[in-house]
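The values are calculated or read from the model by the stated rules, or taken from the named source; none is laboratory data. This one's a predicted model, so the numbers in the text were calculated from it and none came from an experiment. Note that each Cβ is placed from the backbone with ideal geometry, even for glycine, and that neighbours are counted across all protein chains shown. In case anyone asks, the SASA skips ligands and DNA or RNA and just uses the protein heavy atoms, side chains included. Shrake-Rupley method; radii C 1.70, N 1.55, O 1.52, S 1.80 Å.
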Amino acid sequence: MNNSKKILLTGGAGYIGSHTAVELIQQNFEIVIVDDLSRSEARIIEGIENITNQRVNFYKGDCNDSLFLDNVFKKESIDSLIHFAAYKSVNESVDEPLLYYQNNLGSMINLLSAMKKHQMNKFIFSSSCTVYGQPDAMPVDENAPFKKAESPYGATKQMCERILEDTVNSNRNLKVISLRYFNPVGAHPSSLIGELPIGAPTNLVPYITQTAAGVREKLTVFGDDYDTADGSCVRDFIDVDDLAKAHVQAIKSIEKISGRYETFNLGTGRGETVLQIVKKFEEVTGVKLNYQIGARRAGDIEKIFANPAKAKEILGWQTKKSIGDSLLNAWNWEKKVRNIL
Ligand code: NAD
Ligand code: WQD
């Protein structure tokens, strides 16, 4: 069966985009990937092809390039877009704010303009729990107000959501879903695709796996004096395959949903501490991790986890994988990347 909907994935060679590409292909959607490979590698496209046993329709190019986008839209009959392409490093965004405002806002504005020109009306956006800052109440639901963004990166996600809402208000035909991811972790069980951080990772799980692989000497746990069960920060770690499946549900639901601009939290609904993750990693992999407790990291919030009830009710989606599965898959992927037997 062919669902005959061509879906454009910008940033489809990246971590979350590649896992979503696999899920969509496996559910018989036709996809087109646009990625400039600025933060990813062509081998991820090969990984998608090897998992699905299908050739991927891939265009290498920059979403800031209007002519390039125009060409893709002329050649392909696109039904809907999932916009993953963005820069995502909180630290880098503090050092290079203009790069982040240019790329994350510019690429999305360019895409929306191209969609208008080519009369495409379905858009799914990769947003983030970072839009909430430190929420007043937990678990956080979609109605929680945006607090001042902790970083230029966070500000781009808040601004993108505002731009999307304004654009929907100006165009009665347009429907947009913003998916607010919590902390994505894990890798595809095949170990053919996974996260490929550029340089030293800043996110917890890649730092753990690189430490276990001997690429980093030691993990520092940033703070054990927070008001949490063991003093380390609490996050909602969501498996990347579960996250990918939410995009398929969003694609299937976007036409039926009554609101024209909708936001959904994508998380497990459970908070886990950083130290619990470290211990779980050791338990499921049998690898002893070299770690120390260090000072708090500037800008970190103490605790955040999702109320994912809206996604369950409207998208018919909820997480299935355990954190142990995710950590084991992340470790297997790291071993593959490092040629560790
Ligand atoms: P990633 O860096 O692995 O993937 C992003 C992809 O976009 C890369 O392949 C990169 O080459 C591409 N790209 C960047 N700018 C581009 C441009 N102008 N034109 C074409 N391609 C471009 O990141 P990811 O983890 O897969 O994140 C995907 C999206 O989800 C991003 O928008 C990110 O901000 C958002 N997000 C990620 C997380 C997370 O922790 N990974 C959490 C919340 C939200
Ligand atoms: C998780 C916890 C750290 C590294 C970021 C973005 C957010 C979203 C997800 C995109 C924190 C602790 C980490 C280390 C540690 N991305 N930690 N030692 O900060 O929750 O969220 O990624 O939208 O916007 O802000 O994720 O993985 O960096 O940290 O102790 O070496 O792990 O302090 O408590 P974070 P993270």
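How far is the Cα center of region 78-145 from the Cα center of region 195-241, in Å?
Spelled out, the Cα-based centre of one part sits 24 Å from the other.
Listed here are the pairs LYS116/LYS256; LYS122/LYS321; LYS279/LYS321; which of them are more than 25 Å apart at the Cα?
LYS122/LYS321, as the Cα separations exceed 25 Å there.
On a C-alpha basis, how far is the centre of region 314-332 from the centre of region 18-53 in Å? Whole number, if you could?
The distance from the Cα centre of region 314-332 to that of region 18-53 comes to 19 Å.
Rounded to the nearest 500, what is the 222 nm mean residue ellipticity of the chain from helices alone, with -39500 (n - 2.57) per DSSP H run of 4+ residues and division by all residues?
Theoretical 222 nm ellipticity from helices: -11000 deg cm²/dmol.
Count the net charge of all other residues whose Cβ sits under 9 Å from the Cβ of GLY231, scoring Lys and Arg as +1 and Asp and Glu as -1.
-4
All other residues with a Cβ under 10 Å from the Cβ of GLU262 taken together, and with Lys, Arg as +1 and Asp, Glu as -1, what is their net charge?
+2
Give me the angle, in degrees from 0 to 90, between the Cα long axis of helix 42-52 and the longest principal axis of the Cα atoms of the chain, rounded to the nearest 10.
Between the helix axis and the principal axis of the chain, the angle is about 80 degrees.
Per residue, how big is the convex hull around the C-alpha atoms of the chain? Give it to me in cubic angstrom, could you?
129 Å³
At 1.4 Å probe radius, can you tell me the per residue accessible area of the chain in Å²?
Value for the chain: 44 Å² per residue.
Where does helix 152-170 land angle-wise versus the long Cα axis of the chain, in degrees 0 to 90, nearest 10?
Helix 152-170 sits at roughly 30 degrees to that axis.
Output the 0 to 90 degree angle, nearest 10, between the alpha-carbon long axis of helix 106-117 and the longest principal axis computed from the alpha carbons of the chain.
30 degrees
Longer than 30 Å from Cα to Cα, which of LYS117/LYS310; LYS157/LYS245; LYS75/LYS335 are they? Say none if no pair is.
LYS117/LYS310; LYS75/LYS335
Mind telling me which of GLY47, GLY294, GLY14 comes out most flexible in a GNM of the chain, alpha-carbon contacts under 10 Å?
Checking each option, the largest mean-square fluctuation is seen for GLY294.
Mind ranking 6-13, 316-323, 70-77, 184-191 by how tightly packed they are, going by the mean number of other C-beta atoms within 10 angstrom, highest first?
Taking the mean over residues of other Cβ atoms within 10 Å, the ranking is 6-13, 184-191, 316-323, 70-77.
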